[in-house]
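Trainee: Before I ask anything, let me first share the structure, which is written out below as structure tokens.
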Amino acid sequence: MLKIPSDIVDEMIAHARVDFPRECCGILAGKDDGISHIYQMTNTDRSRVSYLMDPKEQIKVFKEIRTLGLELKAIYHSHPNHPAYPSTTDVELAYYPEAVYLIISINNSRETKIRGFRILDEEITEAELSFPPHHG
Amino acid sequence: MAVKVRIPTPLRKLTEGKGEVEGTGKTIGDLLEDLDGKFPGIRERLCDESGNLRRFVNIYVNEEDIRFRQGKETILSDGDEISIVPAIAGG
């Protein structure tokens, strides 16, 4: 069970709304099954149907995560007007078996739905998520 | 030049599970050849048939993307830290 504090969920949704109708992407880091940090990343594809994180930002964030003694816990991106389920490209490019892939579906009315998946050897398994309230 | 190379999870099947390995080479190209000798098949995962770095693979020398240096001709110095980092991408 991956626990994502509600304020971090709100930030992911806000990111998906700001970048709509293009896809947004980002990284969540934390320890054990908890998330403490969110990093909004630049989608260098600037596309409605794909994302590619800026490699320069990516290595910076990876370094910060290591320095803080955290782990990469989840990778999120949005699916504008598409279901919250991994696409063929998502499966092909899932190079991070240690992470939960979070997909935020967002439609024209800006309604959102978040689901999480582990993608290992092209096999998709739904990951359980919980959104505990944020304290402090 | 002796350098340390950080290996991402999907390639650790080729490095006996190791997340960090040692390699040598004057340039990134030499280093990849050296690594391929020790861990056969690793170069093919990183480069295409014409030897170019695959689109969804990033290689950094001390956190600098080799695409912004001289690519595979990037010169290495003793003690450099090389990171092989898959892109984070999808559709």
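The values are calculated or read from the model by the stated rules, or taken from the named source; none is laboratory data. Since we're looking at a predicted model, the values are computed, not measured. Counting neighbours? That spans all protein chains shown, and the Cβs are built from the backbone with ideal geometry, glycine included. Areas reflect the complete protein model, heavy atoms only, side chains present, ligands, DNA and RNA absent. Shrake-Rupley method; radii C 1.70, N 1.55, O 1.52, S 1.80 Å.
Trainee: Would you mind giving the total buried accessible surface between chains A and B, with a 1.4 Å probe and ligands, DNA and RNA left out, rounded to the nearest 100 Å²?
Mentor: Working: alone 7830 and 5640 Å², together 11510 Å².
So the buried area, both faces added, is about 2000 Å².
Trainee: Calculate, for the protein assembly as shown, the solvent-accessible area per residue in square angstrom, rolling a 1.4 angstrom probe over the heavy atoms of the protein chains.
Mentor: Numbers: 11510 Å² over 227 residues.
Here the per-residue accessible area is 51 Å².
Trainee: Still on this structure, please answer the following. Within the P(r) computed for chain A, what percentage of the Cα pairs occupies the region above 19 Å?
Mentor: Details: 4263 of 9180 pairs.
Result for the distance tail: 46 percent.
Trainee: Within 10 Å of each Cβ of B:69-81, how many other protein chain Cβ atoms are there on average?
Mentor: The per-residue average across the peptide is 0.
Trainee: Sort B:THR24, A:THR67 from largest to smallest accessible area, using a 1.4 Å probe on the heavy atoms of the protein chains. Please list the in-between numbers first.
Mentor: Working: B:THR24 65, A:THR67 105 Å².
The ordering from most to least exposed comes out as A:THR67, B:THR24.
Trainee: Work out Dmax and Rg for the protein assembly as shown from the C-alpha atoms and quote the Rg first, both in angstrom.
Mentor: Looking at the protein assembly as shown, its Cα Rg and Dmax stand at 18.3, 57 Å.
Trainee: Okay, moving on. Would you mind checking the stretch A:10-32 for residues with the amide N under 18 Å from a putative spin-label position 7 Å along Cα→C-beta of A:ARG48?
Mentor: Counting backbone N atoms under 18 Å from the label point, the list is A:16-25.
Trainee: Then there is this: Considering only protein heavy atoms and a 1.4 Å probe, what is the carbon-and-sulfur percentage of the accessible area of the stretch A:56-130?
Mentor: Here carbon and sulfur together make up 47 percent of the probe-accessible area.
Trainee: Calculate the tail of P(r) for the stretch B:2-86: the fraction of all Cα-Cα distances greater than 22 Å, expressed in %. Provide the component values of the computation, followed by the final result.
Mentor: On the way: 441 of 3570 pairs.
For the stretch B:2-86, the share of Cα pairs beyond 22 Å comes to 12 percent.
Trainee: Something else about it: List the residues whose amide H sits under 5 Å from the amide H of A:ASP54, counting only those 5 or more places along or on another chain, with H placed 1.01 Å from N in the peptide plane.
Mentor: Residues meeting the amide H criterion: A:THR42, A:THR44.
Trainee: So how far apart, in nm, are the two label points at B:GLU16 and A:ASP33 if each is 7 Å from Cα heading toward Cβ?
Mentor: According to this spin-label approximation, the distance is 3.5 nm.
Trainee: Right, here's the next one. At 0.36 nm per residue, and after removing the present C-alpha to C-alpha distance, how many nm does the segment from B:ARG6 to B:GLU44 gain when stretched out fully? Don't skip to the end; give the middle numbers.
Mentor: On the way: separation 38, 0.36 × 38 = 13.68 nm, distance 1.71 nm.
Answer, rounded to one decimal: 12.0 nm.
Trainee: Return the calculated 222 nm mean residue ellipticity for chain B, to the nearest 500 deg cm²/dmol, obtained by summing -39500 (n - 2.57) across DSSP H runs with n ≥ 4 and dividing by the residue count. Intermediate results must be reported in sequence, preceding the final value.
Mentor: Details: 2 runs with 16 residues, N = 91.
Only helices count here, giving -4500 deg cm²/dmol.
Trainee: Compute the distance in nm between two label points, each set 7 Å from the Cα along the Cα-to-Cβ direction, one at B:ARG67 and one at B:ARG54.
Mentor: 1.5
Trainee: Let me ask something else about it. If the cut-off is a Cα-Cα distance under 25 Å, which lysines reach B:LYS26, setting aside same-chain residues fewer than 8 apart in sequence?
Mentor: Candidates past the 8-residue exclusion: A:LYS56, B:LYS4, B:LYS18, B:LYS38, B:LYS72.
Trainee: Considering only DSSP beta bridges with both partners in the stretch A:68-121, what is the antiparallel share in %, to the nearest 5?
Mentor: Details: 6 of 13 bridges.
Percentage antiparallel, nearest 5: 45.
Trainee: Output the peptides A:22-29, A:95-102 sorted from most to least packed, where packing is the average of other Cβ atoms within 10 Å over each peptide's residues. Mind showing how you got there, number by number?
Mentor: Details: A:22-29: 24.0, A:95-102: 19.9.
The peptides rank, most packed first, as A:22-29, A:95-102.
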